[in-house]
Amino acid sequence: MVFDMEGPDTWNSYSQALQGSGRTLLPTQTNLVDQVWGDQRPPNASGKIYSLPEAFTGSSWQEKVSGIRRQMEQHTRRPTAVLLAGLEETAWLFNLRGNDIPYNPVFYSYTLLTSTDISLFLDDWRLSPEARQSLRAQCPGLLCVELLPCRQAQAHLTRYVQGNVTVWVGTEYTTYGLYSTIPQEKLLEDSYSPVMLAKAVKNTKEQELLRAAHVRDAVAVIQYLLWLEKMVPQGQVDEFTAAQHIDALRQAQEYSCGPSFQSISASGLNAALAHYSPSNGSSRVLSVDEMYLLDTGGQYLDGTTDITRTVHWGVPTPLQKEAYTRVLMGNIDLSRLIFPPNTAGRTVESFARRALWDVGLNYGHGTGHGIGNFLSVHEWPVGFQSNNVPLTAGMFTSIEPGCYRDGEFGIRIEDVALVVEAETKEPFLTFEVVSLVPYDRNLIDLDLLSLEQIQYLNAYYQSLRKSPGPGSQSRMAEEHRERQTGLCPQVTKVATRAPDPPTPSQASATRTACTPG
């Protein structure tokens, strides 16, 4: 068995598992997958690598580099370099984006950042003129970026570690091929690099950008739900055409760069498959007699979104209604939780499951994940699993409990929330939900909700009505639901003003950068 593209932790676990079997893992410089492809190998990525305009970044790349170098100086081991192998890390550090990975605006690259030099490994011919100028503007000097081909990364690192150096690596995102190049005595290992951790905590401007993206995204999702309420009773929508429609609505929004993943558009029994995606010609027709689950997200120049809503246009069964309500209770209980600083997500994750556990229900997937500023929709190291870092103010995470009954239906309610400081006597934390789409009133059993949960729901709907983007759309949705069920909470309309988004002129020059070419 020969490979070296896995991370060091995976390599070590496989190596230990093979002990005593007479088999040994061996690194190789040859890409075995390329050999399998032969002449049929798809061409290398060729789309442009471009700079994000200043309006869509939280800080300049020079400020980010200087911040990482300060961390290097302040570390007890005084590392001389940081090695970056995660594509998100390099993209975030230099405020660059590309189109090499579907749904993710990243590009193939490595970075070796030292206290005096910056080596960026990529296909430099793909850099836009603006991106090249940004990286080379301060040459020569400490903030001059040396551009080198990707294929030279390992050889360059091999030469660098010949000296009196210490290289800081995040083992979760470093390939074994690069990791093994560094002598153990010259390694400073953490699960996540300082860049990955810095990226996870959004500054004030980044928070405003992500909020603005979610306002725009909510408009598209609410328009979609209203469209479904009109079209589904006519029997004219299937799972695949529905997914196409939400993509089209989102694409019409300002700063849109397409979906952040393939939408999960699932009706009836298909919704019981947590990661189902429809295909043309084999998808189910949406029916007023079945549950429908939509898990969808968008990429915008100012942020990445991810949201799930489950609806029923007819008469749900008592089990469906109770299951939905208990999923919503779990979403609310975790969203309104107040907890001490440095709390690990896994410590509070059970709050999302408690209402389900009370009646012997559960779900088999994670409760949430981090989300990026026009980067990956699943952004580590934030979340509620055992290998996530403690929650910190400024982190964004999804909160997405669910309930699935094989062969019958599936339910998931997902919101994105920002970790913020709570209004408490001592410094504690809580969540601020930034997703702004109504829940299905037709599926909520109010008798199951506590007074605190009802108060939370009313406050959520009030904040939704305040929002200048989805406000009018949400009122249309609520009024329609009120005619159907009489359950809509009555709240006062309050005028408010969202943070100013970047001007159209600032975005127009980069709109073409959202697509390959």
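Sub-8 Å Cβ pairs linking a first residue in the stretch 19-42 that is free of Cβ contacts under 8 Å to residues at least 40 places away in the same chain and closer than 19 Å to Pro8 by Cβ to a second residue that is open to solvent by 90 Å² or more (accessible area, probe 1.4 Å) and in a helix (DSSP H, G or I), at least 6 apart or interchain, are Leu25/Tyr14, ordered by first then second residue. Tyr108 fulfils the conditions (1) assigned to a helix (DSSP H, G or I); (2) closer than 25 Å to Thr305 by Cα except for a single criterion, (1). Search the stretch 192-216 for residues being buried (at least 18 other Cβ atoms within 10 Å of the Cβ) and polar (S, T, N, Q), and hand back the single one that is farthest from Ala85 (Cα to Cα). By that ranking, first place goes to Gln207. State which residue is most open to solvent (accessible area, probe 1.4 Å) when the search covers only the stretch 92-114 and only residues that are of a type in the set (Val, Ile, Thr) and under 24 Å from the mean Cα position of the chain (by Cα). Out of the qualifying residues, it is Ile101. Close Cβ contacts (under 9 Å, 6 or more residues apart or on different chains) running from residues in the stretch 327-339 that are under 17 Å from Glu423 (Cα atoms) to residues that are among the acidic types (Asp, Glu) and buried (at least 24 other Cβ atoms within 10 Å of the Cβ) comprise Ser335/Asp415. For Glu89, indicate whether it is among the acidic types (Asp, Glu), open to solvent by 50 Å² or more (accessible area, probe 1.4 Å) and either touching a strand residue (DSSP E or B) at 6+ places or on another chain (Cβ under 8 Å) or part of a helix (DSSP H, G or I) (or both). Considered against the rule, which asks whether it is among the acidic types (Asp, Glu), open to solvent by 50 Å² or more (accessible area, probe 1.4 Å) and either touching a strand residue (DSSP E or B) at 6+ places or on another chain (Cβ under 8 Å) or part of a helix (DSSP H, G or I) (or both), Glu89 comes out as no.
For beta carbons closer than 6 Å, sequence separation of 6+ or different chains, a first residue in the stretch 51-64 that is touching a residue at least 24 places away in the same chain (Cβ under 8 Å) and a second that is open to solvent by 30 Å² or more (accessible area, probe 1.4 Å), the qualifying pairs are Ser51/Glu130; Ser51/Ser134; Pro53/Gln506; Ala55/Gln506; Gly58/Asn203; Gly58/Lys205; Gln62/Leu143. Among the residues that make up the stretch 25-32, is at least one of them modelled with pLDDT of 95 or more, polar (S, T, N, Q) and open to solvent by less than 40 Å² (accessible area, probe 1.4 Å)? The answer is no, given that none of the residues of the stretch 25-32 is modelled with pLDDT of 95 or more, polar (S, T, N, Q) and open to solvent by less than 40 Å² (accessible area, probe 1.4 Å). Leu188 fulfils the conditions (1) free of Cβ contacts under 8 Å to residues at least 40 places away in the same chain; (2) of a type outside the set (Lys, Arg); (3) open to solvent by less than 40 Å² (accessible area, probe 1.4 Å) except for a single criterion, (1).
Taking the stretch 290-307 as the range and being closer than 18 Å to Leu418 by Cβ, of a type outside the set (A, V, I, L, M, F, W, C) and in a strand (DSSP E or B) as the test, the residues that pass are Gly298, Tyr300, Gly303, Thr304.
Hey, any hits in the stretch 399-411 for a residue that's in a loop (DSSP other than H, G, I, E, B), of a type outside the set (Asp, Glu), closer than 24 Å to Pro194 by Cβ and open to solvent by 20 Å² or more (accessible area, probe 1.4 Å)? Looking for residues that are in a loop (DSSP other than H, G, I, E, B), of a type outside the set (Asp, Glu), closer than 24 Å to Pro194 by Cβ and open to solvent by 20 Å² or more (accessible area, probe 1.4 Å), one finds none in the stretch 399-411, hence no.
Does Tyr179 meet the test of being of a type in the set (Phe, Trp, Tyr), over 30 Å from Lys48 (Cβ atoms) and under 27 Å from the mean Cα position of the chain (by Cα)? Against the criterion (of a type in the set (Phe, Trp, Tyr), over 30 Å from Lys48 (Cβ atoms) and under 27 Å from the mean Cα position of the chain (by Cα)), Tyr179 qualifies. Residues of the stretch 180-191 include none that is over 30 Å from Ser66 (Cα atoms) and among the β-branched types (Val, Ile, Thr). Which one is nearest to Phe428 (Cα to Cα), of the residues in the stretch 380-394 that are among the small types (Gly, Ala, Ser) and open to solvent by 10 Å² or more (accessible area, probe 1.4 Å)? So the residue we want is Ala393. Checking each residue in the stretch 280-333 for being touching a His at 6+ places or on another chain (Cβ under 8 Å) and small (Gly, Ala, Ser) picks out only Gly303. The number of residues in the stretch 150-204 being among the polar types (S, T, N, Q), in contact with a helix residue (DSSP H, G or I) (Cβ under 7 Å, 6 or more places away or on another chain) and not in a helix (DSSP H, G or I) comes to 5. The residues in the stretch 449-469 that are surrounded by 17 or more Cβ atoms within 10 Å (Cβ to Cβ) and of a type outside the set (Ser, Thr, Tyr) can be counted, and the count is 7. A single member of Val288, Val219 is open to solvent by 40 Å² or more (accessible area, probe 1.4 Å) and in contact (Cβ under 8 Å) with a residue 12 or more places away in the chain, and it is Val288. In this structure, does Thr76 turn out to be exposed (fewer than 14 other Cβ atoms within 10 Å of the Cβ) and under 24 Å from Asp190 (Cα atoms)? In short, yes. When Ser128, Ser119, Ser134, Ser66 are checked against the criterion of being surrounded by fewer than 17 Cβ atoms within 10 Å (Cβ to Cβ), over 30 Å from Ser263 (Cβ atoms) and not acidic (Asp, Glu), Ser66 stands alone in meeting it.
The values are calculated or read from the model by the stated rules, or taken from the named source; none is laboratory data. All figures in this text were calculated on a predicted structure; none of them were measured in a lab. No Cβ is skipped: glycine too gets one built from the backbone with ideal geometry, and neighbour counts run over all protein chains shown. With ligands, DNA and RNA removed, areas are computed over all heavy atoms of the protein, side chains included. Shrake-Rupley method; radii C 1.70, N 1.55, O 1.52, S 1.80 Å.
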